[in-house]
Amino acid sequence: MTTYAEFHQRSLTDRDGFWGEQAKLVDWKVQPTQVCDYSNPPFAKWFVGGVTNLCHNAVDRHLVTRPDQAALIFVSTETNQEKVYSFRELHAEVQRMAATLKELGVGKGDRVLIYMPMIPEAAFAMLACTRIGAIHSVVFGGFASGSLASRIEDAAPKVVVSADAGSRGGKAVAYKPLLDEALRLSKFKPESVLLVDRGMAPMEMVAGRDKLWAPLREKNMNVVVPCEWVDATHPSYTLYTSGTTGKPKGVQRDTGGYAVALAASMKHIYCGEAGETYFSTSDIGWVVGHSYIIYGPLIAGMATIMYEGLPIRPDGGIWWSLIEKYKVTVMFSAPTAIRVLKKQDPALLKKYDLSSLKALFLAGEPLDQPTAQWISEGLGRPIVDNYWQTETGWPILAISKGVDDAPTKFGSPGKAVYGYNVKLLDESTGEELTGANQKGVVAIEGPLPPGCLQTVWGDDARFVSTYWTTIPGRMIYSTFDWGIRDEDGYYFILGRTDDVINVAGHRLGTREIEESISAHPNVAEVAVVGVADQLKGQVAMAFAVVKDASKIPDDASKLALEGEIMKIVDKDLGAVARPARVRFVTLLPKTRSGKCLRRAITAVCEGRDPGDLTTMDDPAALQQIKDLVAAK
Ligand code: ATP
Ligand code: MG
């Protein structure tokens, strides 16, 4: 038996041998001749000489063994639809979409921008693109015209695929007017717009440019569109980072490396088996949606659930009911969603038979202990925190359950995942920290493993200058997150490098202060930021959401609560970490993917312009903070 440490070690010391073996998990038209070409660092080329296709691996190859098994399970609690597509049916739908895109002039290497709600046609469009070698660029359906326009300009797509409307909380949200406005704003104009009409909002069609999907699908009912075999290094898609820290970066992904990385992760990390059901609650607009709603589970021959709707509608038991109904074995969500569910009746967790579930994976933001504990006790299943980025496409830190029976530790997303040569670097000197329990910047020595970004779309120079630093003879990728590794090799993420604050010469992670404040029984959520201070350089400011908003009606109780919270921080971390103020709000400003926009809070507190807010969810949250700051 190899231990996980040996497994991980081998992935680095015998890199090509290791990944050459993993490459057998996917189908190749032509086998690669070289596993990794790293002759031009930091650009890594994986599986050089290999020829393959992502859609073939996700769909076609399962037609032989499991044609009638469920592939895509669409559930919408917005429109009350539920439809299961077998691999055979998915194959047919993808070919209809592929034929349509080809008729609209899309060929290998052309970009297709997908601006869609969570409906099956979005999945068909993604798979149709990779089928014909086109590069998809999915833009989250919740974005408005401005953000959409800048992404259209960056991707320069030949075709945009969209729909009349999405839906949120039972209300239709028209997409077409937003798209039309974005196309007006964008300097780049696509040739065609392909529209799915859900019958939810009227659409004004632009003659010559806009086409309806239904008649084109009808026309191509029995069409056969073979997969376009592409080089392993052929780009499969571009996708923008969440924009938490600034202007989103267009991540470019390859084909072969991505397929292998996902297939390997399904085996070693998520432990999903062909024939089982995977349920990821993310959105196709984010990287989790790409890797673990669409490609990962399908490559593994699993059925995947695509869910349109809120986690609490019709009630907070809806997700658990889907686990029971579809015998979900692997579930993937985000801490922010679990915090929403935590406010619901806990009895909902006990109402359904969850015995099929092997584990719940959570990623995207720090998993605070109270949330982890609540869900772990409620489910009675392992909760696996995993840490990664849009850039990497799959986990950097996790417990690789398929090879590692080590326990999880609360607050830690686990150990360095195989393939990743994770380092902690001293923030000021850039030198590697080798000892246990030292705080540093989480970094990865190149080459990045298969599946990670090839470059920033259209901007190799930005890729190099944004992410890479050189220490003699080696190139190191920075995650811009700050972390610590304990003596057992478990990492703890302490926040983003931007979130480190310096109070009177003491360096503090805002995450540590947040963890401490979260321990107060009446705090549901909190954001701590560093704010410039003439005396101390910076001071910590906390904005907390109380669990029961009715309990902070008057100023006196607010003050009392503030005092209690400060005492907790004093006790946990020392008076130096005590926030200058703890203010109370009903919600925190977040990105559409649920990440707290601390940089915007800091800017508002310092009276500065909050910068690019295109990915912000509800502007009312930032307004509350503005009002508090203005009132002092
Ligand atoms: P941008 O790069 O545009 O500022 P972003 O970093 O939020 O946006 P993503 O790629 O969606 O975009 O998020 C990755 C980041 O999310 C990580 O760098 C880290 O800060 C945070 N993160 C992800 N998973 C975890 C986790 N398990 N624990 C703690 N933080 C996490
Ligand atoms: Mg980032």
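General observations
- Scanning the stretch 456-479 for residues that are surrounded by 19 or more Cβ atoms within 10 Å (Cβ to Cβ) and within 22 Å of the chain's Cα centre (by Cα) gives VAL456, TRP457, PHE463, TYR467, TYR477, THR479.
- Residues within the stretch 141-153 that are surrounded by fewer than 24 Cβ atoms within 10 Å (Cβ to Cβ) and closer than 18 Å to VAL287 by Cα, tallied: 3
- ILE493 of a type outside the set (Gly, Ala, Ser), without any contact (Cβ under 8 Å) to a residue 40 or more places away in the chain, assigned to a strand (DSSP E or B) and crowded, with 22+ Cβ neighbours inside 10 Å: no
- Those helices (runs of 4 or more DSSP H) lying entirely in the stretch 323-379 with at least 1 residues under 28 Å from ILE513 (Cα atoms) and free of Cβ contacts under 8 Å to residues at least 60 places away in the same chain: 335-342, 369-379
- Restricting attention to the stretch 590-600, the residues that are in contact with a Phe, Trp or Tyr (Cβ under 9 Å, 6 or more places away or on another chain) and either among the small types (Gly, Ala, Ser) or without any contact (Cβ under 8 Å) to a residue 60 or more places away in the chain (or both) total 1.
- Residue identified as more than 25 Å from ALA44 (Cα to Cα) and within 16 Å of ligand 1 (Cβ to nearest atom) among TYR270, TYR307, TYR326, TYR258: TYR270
- Screening the stretch 87-160 for helices (runs of 4 or more DSSP H) wholly inside it with 3 or more residues that are among the basic types (Lys, Arg) and on the phi < 0 side of the Ramachandran plot returns the ranges 87-103.
- The set of residues in the stretch 288-322 being surrounded by fewer than 20 Cβ atoms within 10 Å (Cβ to Cβ) and in contact (Cβ under 8 Å) with a residue 40 or more places away in the chain consists of LEU310, ARG313, PRO314, ILE318.
- The residue list PRO226, PRO235, PRO248 contains one member that is of a type outside the set (Val, Ile, Thr) and without any contact (Cβ under 8 Å) to a residue 24 or more places away in the chain, which is PRO226.
- The residue that is surrounded by the fewest Cβ atoms within 10 Å (Cβ to Cβ), counting only those in the stretch 361-392 that are small (Gly, Ala, Ser) and more than 6 Å from ligand 1 (Cβ to nearest atom), is GLY380.
- Residue, modelled with the highest pLDDT, within the stretch 614-632, restricted to residues that are crowded, with 17+ Cβ neighbours inside 10 Å and in a loop (DSSP other than H, G, I, E, B): ASP617
- Among the residues of the stretch 471-501, those that are away from ligand 2 (no atom under 16 Å from the Cβ) and of a type in the set (Gly, Ala, Ser) comprise GLY473, GLY489.
- Counting only strands (runs of 3 or more DSSP E) that fall entirely inside the stretch 1-80 and contain at least 1 residues that are among the β-branched types (Val, Ile, Thr) and over 30 Å from ILE119 (Cβ atoms), the qualifying elements are 34-40, 43-48.
The values are calculated or read from the model by the stated rules, or taken from the named source; none is laboratory data. These figures come from a predicted structure and were not determined experimentally. All Cβ positions, glycine included, derive from the backbone under ideal geometry; neighbour counts span all protein chains shown.
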